[in-house]
Amino acid sequence: MFQFNFGNSFGKNYREVPPEGEAEQPKKKRQGKGAGLKNAKRAGVGLLIGLLVLFLGTSCWYTIQEEEQAVVCTFGTPRAVTEPGLHFKIPIIQTVTKVNTTIQGISVGYDDDLQYTDDAMMITSDYNFIRVDFYAEYRISDPVKALYASQDPVLVLDNIAQNCIRTTIGSYTVDAVLTTGKNEIQANIRDMIMEKLEQYDIGIQLVSITIQDAQPPTTEVIEAFKAVETAKQGKDTALNNANKYRNEEIPKAEAEADKILQDAEAEKESRINEAEGQVARFNSMYEEYVKYPAITRQRMFYEAMEDVLPDMKVIIEGGDGSQVQQLLPLEPFSSTAQTEVTENGQ
């Protein structure tokens, strides 16, 4: 059976029409292929939607640790988030950048192998070359400024530190840098760096900066400075020993001086009391003398003779030399009277 189809042209086109039973089978095959393709498209769309949902679900949350802070940027506007824990953000619209806020350090003048670099070579005020290396500790004080105020705040800190170090070292002598002036140098450098960081306001804060080592560039100079340092240490040791001896001896001398003063005061009081007693006795004797002058003079004479001639024998010769009377050592009248009373009683 033939069926004619007229196309757009004037020619005649015809095709053979298959029987009814034979025409349905290819149609069914075409319908099965279309259904499988449609199901595959649906499965791909579902998988894509699932992945999108999973991506959106996982990108909606972020976590901040104790030692971190985050900067959330929404349409180019940054905002700092400082509280640790789980936080929400809008996917695609908001971006999160985490910043470490713990204390960190940088070395100035030496590398990771603890070797001097070219930055360590400096010149002092007395035109001597010296190698000095430092270690600076810093932390992020403002995460927003640390991310957007400068491209590399740590590099800015390094450059500021080198500038301040060279300026300060250049104002001190080599002896001060190597020996006695280290603490003062560190303090001046720290103050200068903090002032510049406050001026630049890049969100970074200096915690401390210390001199790690300071050495002359040549071996001969190093040995000479070591000898000077040893002499200064010997000087300090001698001064400390002298101060120790002084601190020990001064209290002893003060105690001895106090003892001498106390003894002098006691002697003074004793002599004053003795003098006052003698005055009192003299006044008493004078009162008796006024009452009985002759008797008092005689008694005073005998008492004086007892004190002057206690163990002497007095021999009194008579005027004509015929009679000699020997007097035993003069004894107190009380004992003489007692002796007479005893003899009379016997």
Practice prompt. Quickly run through segment 80-108 and pick out the residues that are more than 30 Å from ILE165 (Cα to Cα) and assigned to a strand (DSSP E or B).
Written response: ALA80, VAL81, GLY85, LEU86, HIS87, PHE88, GLN94, THR95, VAL96, THR97, LYS98
Practice prompt. Determine if segment 284-293 includes at least one residue that is outside the structural domain of THR179 (by TED's automatic domain parsing), of a type in the set (Phe, Trp, Tyr) and closer than 30 Å to THR179 by Cα.
Written response: no
Worksheet entry | Subset tally (residues that are touching an Asp or Glu at 6+ places or on another chain (Cβ under 8 Å) and β-branched (Val, Ile, Thr)) for segment 75-130 | 7
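Output the residues belonging to segment 109-126 that are part of a loop (DSSP other than H, G, I, E, B) and within 18 Å of CYS164 (Cα to Cα). Walk me through it before giving the result.
The initial filter retains those residues of segment 109-126 that are part of a loop (DSSP other than H, G, I, E, B), namely 109, 111-115, 117, 124-126.
Selection gives GLY109, THR117, THR124, SER125.
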Discussion item. Condition first: part of a strand (DSSP E or B) and among the aliphatic types (A, V, I, L, M). Now tell me which residues in segment 191-231 satisfy that.
Written reply: ILE204, LEU206, VAL207, ILE209, ILE211, ALA214
Response to the item:
Considering residues that are farther than 30 Å from THR101 by Cβ, in contact with a strand residue (DSSP E or B) (Cβ under 9 Å, 6 or more places away or on another chain) and either among the acidic types (Asp, Glu) or not in a helix (DSSP H, G or I) (or both), the number found within segment 134-190 is 1
Practice prompt. Go through ALA242, ALA238, ALA224, ALA264 for me and flag whichever is closer than 23 Å to ALA120 by Cβ and out of contact with any helix residue (DSSP H, G or I) (no Cβ under 7 Å at 6 or more places or on another chain).
Written response: ALA224
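Within 30 Å of ASP175 (Cα to Cα), in contact with a Ser or Thr (Cβ under 7 Å, 6 or more places away or on another chain) and surrounded by 10 or more Cβ atoms within 10 Å (Cβ to Cβ): does that describe GLU229? Spell out how you get there, then give the answer.
On the way: within 30 Å of ASP175 (Cα to Cα): yes; in contact with a Ser or Thr (Cβ under 7 Å, 6 or more places away or on another chain): yes; surrounded by 10 or more Cβ atoms within 10 Å (Cβ to Cβ): yes.
When the stated conditions are applied, GLU229 passes them.
Where residues in segment 195-217 are aliphatic (A, V, I, L, M) and crowded, with 17+ Cβ neighbours inside 10 Å, which of them is nearest to the chain's Cα centre (by Cα)? Steps first, please.
Within segment 195-217, the subset aliphatic (A, V, I, L, M) is 197, 202, 204, 206-207, 209, 211, 214.
Subsequent filtering for residues that are crowded, with 17+ Cβ neighbours inside 10 Å retains 197, 202, 204, 206, 209, 211, 214.
Details: LEU197: 23, ILE202: 28, ILE204: 23, LEU206: 17, ILE209: 13, ILE211: 15, ALA214: 21 Å.
Only one residue fits best here, namely ILE209.
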Discussion item. For segment 88-136: of the residues being surrounded by 15 or more Cβ atoms within 10 Å (Cβ to Cβ) and aromatic (Phe, Trp, Tyr), which is nearest to TYR148 (Cα to Cα)?
Written reply: TYR135
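Residue by residue, here is whether (1) farther than 30 Å from GLN115 by Cβ; (2) β-branched (Val, Ile, Thr); (3) in contact with a strand residue (DSSP E or B) (Cβ under 7 Å, 6 or more places away or on another chain) holds:
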{"residue": "GLU220", "(1), (2), (3)": "no, no, no"}
{"residue": "LYS226", "(1), (2), (3)": "no, no, no"}
{"residue": "ALA238", "(1), (2), (3)": "yes, no, no"}
{"residue": "LYS259", "(1), (2), (3)": "yes, no, no"}
{"residue": "VAL279", "(1), (2), (3)": "yes, yes, no"}
{"residue": "ASN283", "(1), (2), (3)": "yes, no, no"}
{"residue": "THR296", "(1), (2), (3)": "yes, yes, no"}
{"residue": "MET300", "(1), (2), (3)": "yes, no, no"}
{"residue": "ALA304", "(1), (2), (3)": "yes, no, no"}
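The values are calculated or read from the model by the stated rules, or taken from the named source; none is laboratory data. Since this is a predicted model, take the numbers as computed values, not measurements. Because the Cβ atoms are built from the backbone with ideal geometry, glycine has one as well, and the counts that use them run over all protein chains shown.
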